[in-house]
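The values are calculated or read from the model by the stated rules, or taken from the named source; none is laboratory data. Since the structure is predicted, the reported quantities are computational estimates derived from the model, not experimental observations. Using ideal geometry, Cβ is built from the backbone for each residue, glycine included, and neighbour counts are taken over all protein chains shown. Heads up: the accessible areas ignore ligands, DNA and RNA and are worked out on the full protein's heavy atoms, side chains in. Shrake-Rupley method; radii C 1.70, N 1.55, O 1.52, S 1.80 Å.
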Amino acid sequence: MLNIYRVLLLAAFLAIWEGAAVLGLVTEFTMSRPSRVFSWLGGALVDGFFWMNILVTVRETLLGLLIGAVLGILSGFALAHWRSAFLLLEPFIMALYSLPRVALAPLFLVWFGIGEGSKVALAASLVYFVLLLNTYTGIKEIDRNLINAVRTMGASRSFIARRVLLPSSLTFIFSGLRISIGLALIGTIVGEMIAGQYGLGQMIARAGNMFDTAQVFGIIIVLAILAVLASEGMKVLERWVMRWRPTTETH
């Protein structure tokens with residue numbers, strides 16, 4: 001039933017948008033109209049070049065997400081183990097985390113070139129700090145009495161990390177991953193818009209320069225679908241990884 005309401009809400013929005021364009025309440029130059037957007041999408045989806053650009057963006061986004069997540073989780077574990085190091089580095093971590101990556105994008109292009117490396121690095125830099133802070137917070141919230149009890153039983157540090165710290169912090173890690181999906185996609189698109197030969201970001205930049213609003217909205221729809229699919233995929237992965245936990249959902 002909820003999905004039906006969602007479809008009806010989307011249909012109503014598109015109908016109002018189309019009607020406003022027909023009545024001249026919005027200009028097609030600035031907002032286009034759904035019929036033109038979907039007409040462009042219909043032609044683009046049978047074009048191999050468009051699919052190639054989609055695959056480039058997806059590849060760069062997933063690589064950035066993977067690299068940033070792995071490095072962020074490992075850093076979060078390390079800093080949770082050495083709390084004094086985190087206290088020393090916390091102001092610098094927060095300063096780097098707060099920096100707008102759009103402003104740093106030109107530096108990434110200089111450091112990693114105009115190829116895929118700069119887009120992956122930009123996406124990874126957005127993901128890294130989210131996973132670092134979420135992992136650190138997740139481990140910090142674990143009951144110290146539980147860790148001490150396992151330690152008194154003779155458990156090694158690696159055993160505690162694998163069997164206590166990691167499972168207990170998975171909720172925070174997956175929360176960070178869900179947030180990071182959108183951030184990785186943003187980093188990739190920004191990098192492609194600034195200096196990209198391929199990818200949906202460079203298509204948006206090119207369409208914007210030509211004032212082709214129908215194409216811009218069409219690509220935005222594709223990006224929204226990719227983000228939703230990635231988010232749903234992450235939910236499936238989370239349920240599978242954490243299947244050992246008893247569910248508290250009520251139906």
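Considering (1) within 17 Å of Arg59 (Cβ to Cβ); (2) surrounded by 12 or more Cβ atoms within 10 Å (Cβ to Cβ); (3) over 21 Å from the mean Cα position of the chain (by Cα), say which one Thr188 fails and leave the rest.
In the conditions (1) within 17 Å of Arg59 (Cβ to Cβ); (2) surrounded by 12 or more Cβ atoms within 10 Å (Cβ to Cβ); (3) over 21 Å from the mean Cα position of the chain (by Cα), Thr188 misses (3) alone.
Examine region 199-210 for a residue that is over 26 Å from Pro106 (Cβ atoms), modelled with pLDDT of 90 or more, surrounded by 18 or more Cβ atoms within 10 Å (Cβ to Cβ) and among the small types (Gly, Ala, Ser), and state whether such a residue exists.
no
Name the residue, out of Leu66, Leu10, Leu14, that is open to solvent by 40 Å² or more (accessible area, probe 1.4 Å), assigned to a helix (DSSP H, G or I) and within 24 Å of Gly176 (Cα to Cα).
Leu66
Looking at Phe108 and the list (1) more than 27 Å from Leu170 (Cβ to Cβ); (2) open to solvent by less than 40 Å² (accessible area, probe 1.4 Å); (3) touching an Asp or Glu at 6+ places or on another chain (Cβ under 6 Å), which single condition is not satisfied?
Against the list (1) more than 27 Å from Leu170 (Cβ to Cβ); (2) open to solvent by less than 40 Å² (accessible area, probe 1.4 Å); (3) touching an Asp or Glu at 6+ places or on another chain (Cβ under 6 Å), Phe108 comes up short only on (3).
Determine, yes or no, whether Leu133 is in a helix (DSSP H, G or I), open to solvent by less than 50 Å² (accessible area, probe 1.4 Å) and either within 24 Å of Leu74 (Cα to Cα) or without any contact (Cβ under 8 Å) to a residue 12 or more places away in the chain (or both).
Spelling it out, Leu133 is indeed in a helix (DSSP H, G or I), open to solvent by less than 50 Å² (accessible area, probe 1.4 Å) and either within 24 Å of Leu74 (Cα to Cα) or without any contact (Cβ under 8 Å) to a residue 12 or more places away in the chain (or both).
Select from region 34-46 the residues that are under 26 Å from the mean Cα position of the chain (by Cα), over 12 Å from Phe217 (Cα atoms) and open to solvent by 50 Å² or more (accessible area, probe 1.4 Å) and list them in ascending order.
Leu45, the sole residue that qualifies.
Find all pairs meeting these conditions: Cβ atoms under 7 angstrom apart; at least six residues apart or on different chains; first residue within region 60-81 and more than 15 Å from Lys140 (Cα to Cα) and among the hydroxyl-bearing types (Ser, Thr, Tyr); second residue open to solvent by less than 70 Å² (accessible area, probe 1.4 Å) and assigned to a helix (DSSP H, G or I).
Close Cβ pairs (under 7 Å, with a partner that is open to solvent by less than 70 Å² (accessible area, probe 1.4 Å) and assigned to a helix (DSSP H, G or I)) amount to Thr61/Ala123; Thr61/Ala184; Thr61/Leu185; Thr61/Thr188.
Count, please, the residues in region 162-181 that happen to be open to solvent by less than 30 Å² (accessible area, probe 1.4 Å) and of a type in the set (Gly, Ala, Ser).
3
Just to check your reading of the model, which residue among Ile54, Ile73, Ile114, Ile93 is under 25 Å from the mean Cα position of the chain (by Cα), under 23 Å from Ile186 (Cα atoms) and not in a helix (DSSP H, G or I)?
Only one candidate passes the filter, namely Ile114.
Do any helices (runs of 4 or more DSSP H) lying entirely in region 146-251 carry at least 3 residues that are in contact (Cβ under 8 Å) with a residue 12 or more places away in the chain, and which ones are they?
166-195, 200-209, 213-241
Any chance region 26-33 includes a residue that's open to solvent by 90 Å² or more (accessible area, probe 1.4 Å) and not aromatic (Phe, Trp, Tyr)?
Checking region 26-33: not a single residue is open to solvent by 90 Å² or more (accessible area, probe 1.4 Å) and not aromatic (Phe, Trp, Tyr).
It is to be established whether one or more residues within region 136-153 are open to solvent by 40 Å² or more (accessible area, probe 1.4 Å), modelled with pLDDT of 85 or more and among the small types (Gly, Ala, Ser).
No; the residues of region 136-153 include none that is open to solvent by 40 Å² or more (accessible area, probe 1.4 Å), modelled with pLDDT of 85 or more and among the small types (Gly, Ala, Ser).
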